[in-house]
1. Of the residues 50, 80, which is surrounded by 10 or more Cβ atoms within 10 Å (Cβ to Cβ) and of a type outside the set (Lys, Arg)?
2. Just checking, which of 8, 21 is at pLDDT 90 or above and assigned to a helix (DSSP H, G or I)?
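The values are calculated or read from the model by the stated rules, or taken from the named source; none is laboratory data. Keep in mind it's a predicted model, so treat the numbers as computed, not measured. Cβ sites come from the backbone with ideal geometry, for glycine too, and all protein chains shown count toward neighbours.
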Amino acid sequence: MSTSGDSGALRALAELETIVGHVSDELSAWRRRALKAESQQGELGFDHDAISARARIVELEQANAELTARLERARARVAALLERLHFLEEQVSLEENVR
């Protein structure tokens with residue numbers, strides 16, 4: 001004969017087994033996601049080391065800043081050339097009007 005204490009313990013054990021099963025499934029899903037993320041990280045060319053990745057980001061940000069500065073200087077030179085061209089066109093126009 002089983003007592004009500006035994007059936008309660010069996011129910012608790014069954015519930016615990018269910019919870020452990022869910023936790024195991026969840027852990028497996030997280031592991032798959034972590035492996036996928038590591039794989040994608042490798043495909044992008046980043047090291048698995050966070051410090052190396054951060055150093056690479058800083059390096060790329062510096063290169064971007066240098067290229068932005070070069071682009072601004074080039075824009076300034078183009079603007080100056082356009083001003084000179086406009087001035088020369090005006091001079092040609094004035095000379096043609098004098099003739």
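1. Numbers: 50 fails: surrounded by 10 or more Cβ atoms within 10 Å (Cβ to Cβ).
None of the others qualify; the one that does is 80.
2. Working: 8 fails: at pLDDT 90 or above.
From the options 8, 21, the qualifying one is 21.
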